[in-house]
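Presented below is the structure to which this report refers.
The values are calculated or read from the model by the stated rules, or taken from the named source; none is laboratory data. All values reported here derive from a predicted model rather than from experimental measurement. FYI the Cβ positions are ideal-geometry reconstructions off the backbone, even for glycines, and counts take in every protein chain you see.
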């Protein structure tokens, strides 16, 4: 079942693109001809890639038909295109110069074994770069797990939230190095002020809560989000920043880049 909603995902583009911009700033290639964006979603980040390297052909890959449908509104024939596909068995038609993956590998528990395969596709001088959320205590998904553990929601949603798998930076340096790449990895923490009441709930509803909400009727989904918002506000009350109330989205991201 396709649980993704492009419109909900795109409500908060700034915090969703910041780590992508930071990743792109650390990818160095003199003149890529073919770039692949794995897990491209609705294509907003893939557009950033195409703008970063205007002479390259950029291909976005995603397993969600709804995301690919939305992404195709951004297509630039011969320059920026999108295709439905599963990262786990993806293989390029020709060696790419750059392969990027943003906030997607964490959903693949076996991605440490997948990375050498992807690295093997790179052209000589190619670059593999990725970033993913690393988890923060008291994060938006922690609040959801607490709510799902209650009697009201346990039976319906007990296994609805998959556990993301993110390893230590040293593990990514090791696996990319063993695959023949010169690698580096690092962590970054972000604090994003989101304006508006229930902004953290709105952000979560477009990302980490999608698999839970997809299991519920519209009425139950509204009730779940209402209860989630109450817990979120209690755990992380809004604060005044610049004279206006904001809720703070806290993120930790793990990055890695390897050059062939």
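For residue 238, indicate whether it is over 30 Å from residue 118 (Cβ atoms) and in contact with a strand residue (DSSP E or B) (Cβ under 8 Å, 6 or more places away or on another chain). Yes, satisfied.
The residue that is nearest to residue 208 (Cα to Cα), counting only those in the stretch 165-186 that are more than 22 Å from the chain's Cα centre (by Cα) and assigned to a helix (DSSP H, G or I), is 174.
From the list 144, 119, the one residue that fits, being in contact (Cβ under 8 Å) with a residue 12 or more places away in the chain, touching a strand residue (DSSP E or B) at 6+ places or on another chain (Cβ under 7 Å) and in a helix (DSSP H, G or I), is 119.
With respect to the conditions (1) surrounded by 18 or more Cβ atoms within 10 Å (Cβ to Cβ); (2) touching a strand residue (DSSP E or B) at 6+ places or on another chain (Cβ under 6 Å); (3) at pLDDT 90 or above, residue 232 lacks only one, and its number is (2).
For the stretch 124-166, the set of residues classified as at pLDDT below 80 and loosely packed, with under 13 Cβ neighbours inside 10 Å consists of 137, 138, 162, 163, listed by residue number. Do the conditions hold for residue 104, that is, is it within 17 Å of the chain's Cα centre (by Cα) and either surrounded by fewer than 18 Cβ atoms within 10 Å (Cβ to Cβ) or under 16 Å from residue 56 (Cα atoms) (or both)? So residue 104 fails the test. If you go through the stretch 195-209 and keep only what is surrounded by 19 or more Cβ atoms within 10 Å (Cβ to Cβ) and not in a loop (DSSP other than H, G, I, E, B), you end up with 199, 200, 201, 203, 204, 205.
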